[in-house]
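What follows is calculated from the coordinates using simple rules that are stated; it is not laboratory data. Values in this document were obtained by computation on a predicted structure and should not be read as measured data. Every residue, glycine as well, gets a Cβ built from its backbone with ideal geometry; the counts of neighbours run over all protein chains shown.
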Amino acid sequence: MIAAALIHPHGPYIDWAALSPLVALVGGSVVVLMVGLLRSRFARTQVVPFLTLVSLGVTIGFVIWQWHRHVAAISGALAFDQLTGTITLLVAAGGIAATLLSWRGQAPRESAHGDFYSMMLGSITGMVVLVAAQNLVTLFVGLELLSIPLYVLCATEMHRAASLEAGLKYLIVGSVGSATLVYGLALIYGATGSTDFSGIAGSISQGHSSDVLLLTGIALLTVGLAFKASIAPFHQWTPDVYEGAPTPVTAFMAVATKAAAFGVLLRVFDVMLPAEHLNWRPALLVLAAISIVVGNVGALGQSSLKRLLGYSSVAQAGYILAGVAVATTLGARATILYLVVYLLMNIAAFGAIVARERMTPYGDDFDAVAGLGAEDPWLAWPLTIAMLALAGVPATAGFIGKFFLIDALVGAGYTWLAILIVVGSMISLGYYLRVINAVWMRSAPGPSASAAAGVPVIAGGSPEADALGQTHIELRFAAVVFGGATVFFGIVPQPLFDLAQHAANTLSGAL
Amino acid sequence: MTIAWYLAVSALIFAIGVGGVLVRRNPLVVLLCLELMLNAANLALIGFSRMWGNDDGQIFALIVMVVAACEVTVGLGVIVAMHRHRLPIDVDSMRELQG
Amino acid sequence: MLSILIWLPVAAALVGALIPLQRAGGLLALGGALGALGIAIALIAGYSGHGYAHVTDVVWIRSLGIHYALAVDGLNLFLVALTTFSFALAIAAANIRDWPRPRVFYLLFALAESAVLGAFLAQDLALFVAFFDLMLIPFYLLLGVWGGPGRVAATLKLVIYTFVGSLLMLAAAIALAVLTSEHSGQPLSFALTTLAANPLHKGSQEWIFLLFAAAFLVKMPAFPLHGWMPDAYREMPLEVLAVFSGVLSKVGAYGFLAIALPIMPLAAVHFQTLILVLALCSIIYGSAMAFTQTNARLIAGYSSVAQLGFITLGIFAFAPQGAQGAVLQMVNHGLVVAPLFLIIGVLAARAGGSDDIRDMGGIAFRAPVLATFFLIVAFATLAMPGSGNFVGEFLILLGLFKTKMVFSIIAFGGVVMASVYALRLFIRAMHNRVGPKVASGEMSLRNALVLAPFIGAILLFAIYPQLQLHRSESTVTGSIVREQIDTGQNVRVAELTGLPAGWIAYGPNAETTIATGGANK
């Protein structure tokens, strides 16, 4: 008996099945890093991204396998439920898209392929932890695990000053956000004596509500998360970093970080702090309104597509935050649905932009897409669809997302915010249509695709591999698939509604 | 001593950190000030941990330290990379990106 | 059946776009449009005159209670026919010319047709809004890519005006459904019948009505929301403009009659005077602008503003005759304005590509067939007695006279002004001195083949407006019945039935008029 006990010591029970998505991600990260050390050029440039894709695919498989289980793993520190599952699917999809976009790009080449993809997987791991977090410590760990690799990823195009500066800027702003968040978490802990979400919720409902310490803590926590989700007025870094970072990384930041940040916002406000909603709801509504206005107005005069999408992401963050702020089941569902839609539209847009960056000497300027409609319909259509969807035109998923959000807002009695979303969409037409105008109604500036000048380094071209006019099959694939999905889910949106309903069920107990 | 004193000191340190991030131009000093902000949080966490008589706050503080170290490492790495490219190490003179 | 009708054009064009033959796109799009026209004619033949027919009702988005619900009723039946008819001929006309990037062109053209048909047939508010917004996209690209030199600015104006209206309508539609569901305690539903059965209280109706009205008035376009119209009309390819002006503007008017009035009767009554004043302003402003312009496209464009003003008057008269006249006039105007633009295209080709009537003129004797067609169209535009438009305008004014006499007296002025600008356009373009660059000649057989069906349809409706009036009567009367009660009218529905019958007597007369018109050459 004793021998048996010694041979099989009773460690804490670990639910490996529930943790399997995380294991796949962490394992993938390590394997990718190792393979990246091989000498063979083929292994580094082709096998590494392939393994990244495999790892993400396995993660998705595990999530689907575990779909109907609701498990609290690691002594209740992480909850693997359908909200976590949904956001994991989203960030994994974002990761797959980002991998495709950077497959033959400049950033991984400069920073060693293994490191680049390994950090991307690490960041995805952080996102999963963040959304699954059930206490303040895991929340913070997840957030940092998400952020720190991203700081590095932003700076990976090391010969380019803008990329390094974007990295440093994001690091400083992001760390300020994290520090503010930690201080907020400390105050919440001080007010309630617990780091556990359920413990905190219990303590608040027992009469600690509206405590000054608690309210300050919530305010600081909100600010910290607002930095991550690029919600105005904490968005100033967004356009700069979006522009400076390598475009695949920008795409990844735009979709995956946003999904994770809003996943945790839902979790924090609707699970941990529902009893306080009278205090935080007005604040979130105002933040949403400010984001919609600031983002849409800011995007109007931009000449860089990435900056434009940066501001547009601020505006979109405002729309999504509105869904969180109403604090109803319908609102939570609308939020999740919009996150899915947002991912589809943005990947389609970024796919086309990355392709043009590599094909033309204009970087991410409007000139890069001018005349695209005549030159390359397989990129022009996804870009057009993405822009129309971001503006919320019917027969695209963007329309459905906005429709559902407005529905949730009106249902909760916030018609004014619904009208503001509509007004914001009108303003947004002013810049989304400029892109479409450039694509279809301008002709290419000069002989673009065959420019003898060659692709400047800023565009991610390198003389050894990236011959001009290369087909970029993986970029096309990403753009067309996600653009097609945008239209498909605009016409057949019921699967998205079902997914959102599943994910929001997790929260419905608290709402 | 009541918890209020610990909190006051922690808040003061946090404020110094925020002020430093906002006004100092050298990224090294900015990183330093970030550390101040995080350590202010640590102080508060440990104080609260003592007040409530549970260990959660102390564990949290340990983890914050680890993460802070990671952040500084990355920050220094980026700064070194910039230095190698002879870019001005001055937050205000980063003209490449407006804002 | 209706799904096939809606999606046939775009499906055919999609096949055409994928076939690697240059001409295949146009021909397949034409085939699809003709197929749709055939279905529409079958619908007319099969419609009994009461209620809904060919109801399609499939749950589209369960979570939001949105249905893919289509049906034909007396109101949309002829508008659908008009749509398929105009699009088929416009696509045929487009086939005469060569276009850059033809496949995309015809695909968008067909998509526009599908969207317009969807908007007319939708019986679910959310579906209507979706189609209403969707139809802008193809027109936006058609104008922006294939338009004239000032197209980019024109596109921007067009899109901003119309999208702003559409988005407001989107918000209004959702608010309407949500509030109705709260009010009545039923699950969320966007079905028009459900919404009409559970009207909101007056305050909510009013602001929602204003948002809807803004969207519809922009689309028509009505004064003072017509700011996008001159630029867009000046730059749009004429074949596209023919359907844009002929069909799209009717969606706005249709929206009032099918959606705004049945669902928000209290608000409609409340804002009756406002809308009537706007409609009168449209008539006067449109007519005045039409006889000061020299660009033939703009003359036709401003005349549309005036005509749509008449239609709005008819709708908001809240009298059965007015509404009947409005529906008839919608079809008539579409039948008149589409060939008008195509004729302008033919004329412009003879005047060195200029749309200016000062550059035209003196063609009538050398191109008698063209002149005849043009004269018929022009007479129909000015609502010459005996034309279908006369019946329509008469019914409108009669309906209005019963409820709002002052407005109808002012509106009579508009009828007179119409004859001035229509004749001015005809005389300046066809007679007068020969323009400096006019290379005169008869139009080609293909052009004639495209125009002839329009002329035939105009004549058909002149002789036999009953074809439509009988079928639309019960639905149209139904859609305004609540306003009548609210305005305190006591109009018996049966009173209406006697009236259109009297017009049959004018049938022969109409023929004589046209015959004389032809002899005038």
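Listed by chain and number, the lysines whose alpha-carbon sits under 26 Å from that of residue A:258, ignoring those within fewer than 8 places in the same chain, are A:169, A:228, A:306, A:402.
About its Cα centre, the protein assembly as shown has a charge dipole of approximately 2160 debye under the convention of +1 per Lys or Arg Cβ and -1 per Asp or Glu Cβ, with nothing else charged.
For the set C:157/C:250; C:219/C:402; C:157/C:404; C:250/C:404; C:157/C:202, the pairs lying more than 26 angstrom apart at their alpha carbons are C:219/C:402; C:157/C:404; C:157/C:202.
Note down the magnitude of the dipole of segment B:7-90 about its Cα centre, charges +1 on Lys and Arg C-beta and -1 on Asp and Glu C-beta and zero elsewhere, to the nearest 20 debye. Display every interim value, and only then the final one.
Details: 5 positive and 5 negative charges, 75 e Å.
For segment B:7-90, the charge dipole is close to 360 debye.
Each part reduced to its alpha carbon centroid, segment C:263-318 and segment A:291-307 end up 38 Å apart. The Cα center of segment A:144-171 and the Cα center of segment A:205-263 differ in position by 18 Å. Taking label points 7 Å from Cα along the Cα-to-Cβ direction, residue B:80 and residue A:205 give a separation of 5.1 nm. Projecting label points 7 angstrom from Cα along Cα→Cβ for residue A:39 and residue C:22 puts them 5.8 nm apart. Ordering A:220, C:426, C:153 by the projection of their Cα atoms onto the charge dipole of the protein assembly as shown, which places +1 on the Cβ of Lys and Arg and -1 on the Cβ of Asp and Glu, puts C:426 at the extreme positive end.
If you take the square roots of the eigenvalues of the alpha-carbon gyration tensor of segment A:29-119 and sort them as a ≥ b ≥ c, do you get rounded (a/c under 1.5), prolate (a/b over b/c) or oblate? Cα axes put segment A:29-119 in the prolate bin. Assuming R0 = 56 Å, what is the FRET efficiency of residue A:277 and residue A:65, from their Cβ-Cβ distance, to the nearest 0.05? Efficiency at R0 = 56 Å is approximately 0.95. Here chain A is treated with +1 on each Lys and Arg Cβ and -1 on each Asp and Glu Cβ, and its dipole about the Cα centre works out to around 320 debye. Simple rule: put +1 on each Lys or Arg Cβ and -1 on each Asp or Glu Cβ in segment A:11-508, find the dipole, and look at A:193, A:43, A:293; the Cα lying farthest toward the positive end is A:43.
Determine the relative contact order of segment A:88-143: mean sequence separation of Cα pairs under 8 Å and six or more apart, normalised by residue count, in whole percent. If you can, show how the numbers build up before the last one.
Working: 36 pairs, mean separation 15.9, N = 56.
So the answer I get is 28 percent.
Taking each residue as 0.36 nm, the span from residue A:219 to residue A:416 lengthens on full extension beyond its C-alpha to C-alpha distance by 68.5 nm. Is the C-alpha gyration tensor of chain A telling us rounded, prolate or oblate? Criteria: a/c under 1.5 is rounded; beyond that, a/b larger than b/c is prolate, otherwise oblate. Verdict is oblate for chain A.
As a test of the formula, what do you get for chain C when each DSSP H run with n ≥ 4 contributes -39,500 (n - 2.57) and the sum is divided by the residue count, at 222 nm and rounded to the nearest 500 deg cm²/dmol? Write down the numbers at each step before the final one.
Working: 23 runs with 374 residues, N = 521.
Computed ellipticity for chain C at 222 nm equals -24000 deg cm²/dmol.
The local environment of residue A:193, defined by Cβ-Cβ distances under 13 Å, has a net charge of -3 under the rule Lys, Arg +1 and Asp, Glu -1.
Here r is the Cβ-Cβ distance between residue C:198 and residue C:470 and R0 is 30 Å; the resulting FRET efficiency, rounded to 0.05, is 0.45. Amide H contacts of residue A:304 (H built 1.01 Å from N, in plane; Pro and chain starts excluded): no residue 5 or more places away or on another chain comes under 5 Å. Put +1 on the Cβ of each Lys and Arg and -1 on the Cβ of each Asp and Glu in segment C:196-262; which of C:227, C:209, C:247 then has its Cα farthest toward the positive end of the dipole? Checked the options; the winner is C:209. From the Cα gyration tensor of segment C:1-90, with a ≥ b ≥ c the square roots of its eigenvalues, which class applies: rounded if a/c is under 1.5, or else prolate if a/b is larger than b/c, or else oblate? Since a/c reaches 1.5 but b/c is at least a/b, the shape of segment C:1-90 is classed as oblate.
Would you please give the FRET efficiency between residue C:416 and residue C:153, computed as 1/(1 + (r/R0)^6) with r the Cβ-Cβ distance and R0 = 35 Å, to the nearest 0.05?
Details: r = 35 Å, r/R0 = 1.00.
It comes out at approximately 0.50.
Across the protein assembly as shown the C-alpha pair distances fall into 20 Å bins from zero in the proportions 12, 38, 30, 16, 4, 0 percent.
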